[in-house]
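Q: Below: one structure in structure tokens.
The values are calculated or read from the model by the stated rules, or taken from the named source; none is laboratory data. Because the structure is a prediction, the values reported are computed rather than measured. Glycine also receives a Cβ, built like all others from the backbone with ideal geometry; neighbour counts cover every protein chain displayed. Accessible surface areas use protein heavy atoms only, side chains included; no ligands, DNA or RNA. Shrake-Rupley method; radii C 1.70, N 1.55, O 1.52, S 1.80 Å.
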Amino acid sequence: MMDCCITDNGISRRGLLGRAAVIGAGAALTGLVGEGLATRLAFAGTPYTGDTIVVLSLRGGFDGLSAVVPIGDPDYYAARPTIAVPKASVIAGDGMFGLHPAFAPLLPRWTAGTFGAVHAVGQPNPSRSHFQAMEEMERAAAGTSVRTGWLDRMLGVTGASAPTAGVAMGATSPARAFAGPSPDVSMSSVDGFKLSGNDAKTPMAATIAKLFDGAPAVMADPARAVNATLGTVAALGAYTPAATYPSTALGRALCDVARLVKSNVGLMAATVDFGDWDMHEGLGGPVKGQRMHDHLTELALALAAFATDLGDAFNRVTLVTLSEFGRRVAENGSRGVDHGNGNAMLLLGGNVRGGRVHGIWPGLAPAKLTAGDLTSTTDYRSVIGELLQRRCGVGSLTGIFPNVTPSSYELALARR
């Protein structure tokens with residue numbers, strides 16, 4: 001990020017908004033304005049008691065067929081003669097599906113029923129373009145003119161008001177899913193959330209407050225949110241996690257999310273990105289030192305630590321993974337897999353109904369594929385929609401996912 005615009009003539013609103021004043025807070029002062037469905041009617045004035053939704057984006061095109069392996073489908077092994085995960089290698093197998101052995105750190109959660117999956121999930125208008133597919137996934141309003149992000153609409157429907165209601169963690173720019181008028185911030189880390197140039201000589205927080213005093217809400221609200229968040233973060237104090245996270249960007253981001261959840265600062269939704277899933281070559285076998293195995297291990301270790309660190313708060317968190325698309329069923333000549341569609345979503349939370357693979361399996365016989373890809377039988381929005389209804393107290397999905405019916409897989413226990 002660039003420092004805010006400071007000149008001999010002072011600081012202007014235009015300069016401040018145009019050049020982003022927050023390091024590690026994304027473009028929190030840009031005053032993103034959405035169109036369409038964002039509203040704060042349903043829960044206005046009502047304290048939110050639902051789960052914190054954590055959206056972990058597996059960027060690059062996650063290969064769900066390697067992670068949640070269809071061991072009972074012989075066409076899987078026919079399509080991947082050198083990179084398929086052998087039946088003897090999977091864990092938590094049930095005859096039809098099994099987990100990649102790299103998920104071993106999460107096996108206790110699977111056994112306990114708090115870690116699960118949904119297979120054959122996809123978008124209504126699939127694309128093999130990383131940018132286009134992720135843009136549509138985070139807008140989540142196919143066939144409409146809605147421009148806001150789905151998490152922004154979720155925050156609006158549930159009456160978010162705290163500046164830390166929505167947080168893009170580990171990010172230096174706003175998350176597309178939060179695009180819109182609801183309160184959210186982006187931060188590279190909790191401890192690194194600060195204003196550029198804020199010192200005794202240049203007291204930026206006070207300057208911002210004065211600068212936006214009396215300004216229109218579309219400009220003033222983001223500035224106030226940044227100042228309020230600064231105060232919230234400063235009051236947190238030191239944090240010692242109750243688990244050992246891997247020393248990776250993913251581990252650090254999830255640790256910070258757990259910290260905010262346990263601190264009760266009003267966090268309703270958080271996003272975290274974890275990339276490098278674009279494995280066109282050298283995907284490798286299910287053993288240490290191989291590309292997919294090691295990347296899944298990093299994911300599993302971070303998620304296992306996150307669940308442990310949350311402690312009792314695990315019962316009020318639901319984490320779901322998304323990826324812009326899956327991979328093709330057949331391996332390519334480089335022992336990898338190219339861009340495809342149809343994928344697996346992972347679910348983790350104290351009230352998730354896990355220990356199983358949900359969804360409708362279409363089969364991998366060539367005649368059952370869609371352009372060489374796993375056929376999607378479930379809209380990813382219907383999966384999220386069911387979780388929002390069961391765990392976040394959302395009624396109608398109309399204000400979040402237009403024209404979408406929630407799935408009925410009983411993915412989680414309903415809140416009482």
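Q: Measuring with a 1.4 Å probe in the full set of protein chains, what accessible area per residue, in whole Å², belongs to the stretch 72-112?
A: That works out to 44 Å² per residue.
Q: I need the Debye-formula profile for the stretch 141-292: one equal scatterer per C-alpha, no solvent, reported as log10 I(q)/I(0) at q = 0.21 1/Å, two decimals.
A: -1.36
Q: Roughly how many debye, to the nearest 20, is the charge dipole of the chain about its Cα centre, given +1 on each Lys and Arg Cβ, -1 on each Asp and Glu Cβ, and no other charges?
A: Dipole about the Cα centre, nearest 20: 580 debye.
Q: Keeping every protein chain in place, order Tyr245, Tyr380 by accessible area at 1.4 Å, biggest value first, i.e. largest first.
A: Tyr245, Tyr380
Q: In whole percent, how big is the carbon plus sulfur part of the accessible area of the chain, probe 1.4 Å, protein atoms only?
A: 53 percent
Q: While we're on this one: Going out from 0 in 5 Å bins, what whole percent of all Cα-Cα distances in the stretch 55-211 drops into each bin?
A: Bin by bin from 0 Å, the calculated values are 1, 7, 12, 13, 13, 14, 13, 10, 7, 5, 2, 2, 1, 0.
Q: Roughly how many Å² is the accessible area per residue of the stretch 124-211, as a whole number, for a 1.4 Å probe?
A: Details: 3420 Å² over 88 residues.
Accessible surface, normalised per residue, equals 39 Å².
Q: Classify the stretch 293-409 as rounded, prolate or oblate from the Cα gyration tensor: take a ≥ b ≥ c as the square roots of its eigenvalues, call it rounded if a/c is under 1.5, otherwise prolate when a/b beats b/c and oblate if not.
A: oblate
Q: Under the rule of -39500 (n - 2.57) per DSSP H run of 4 or more residues, summed and divided by the residues of the chain, what mean residue ellipticity at 222 nm is obtained, to the nearest 500 deg cm²/dmol?
A: -8000 deg cm²/dmol
Q: For the stretch 251-390, report the accessible area per residue in Å² (1.4 Å probe, heavy atoms, rounded to an integer).
A: I get 32 Å² per residue for the stretch 251-390.
Q: By how many nm would the segment from Ser129 to Ala367 grow when fully extended, if each residue of separation counts as 0.36 nm and the alpha-carbon distance is taken off? Don't jump to the answer; show the numbers that get you there.
A: Values: separation 238, 0.36 × 238 = 85.68 nm, distance 2.45 nm.
Between Ser129 and Ala367, full extension yields 83.2 nm more.
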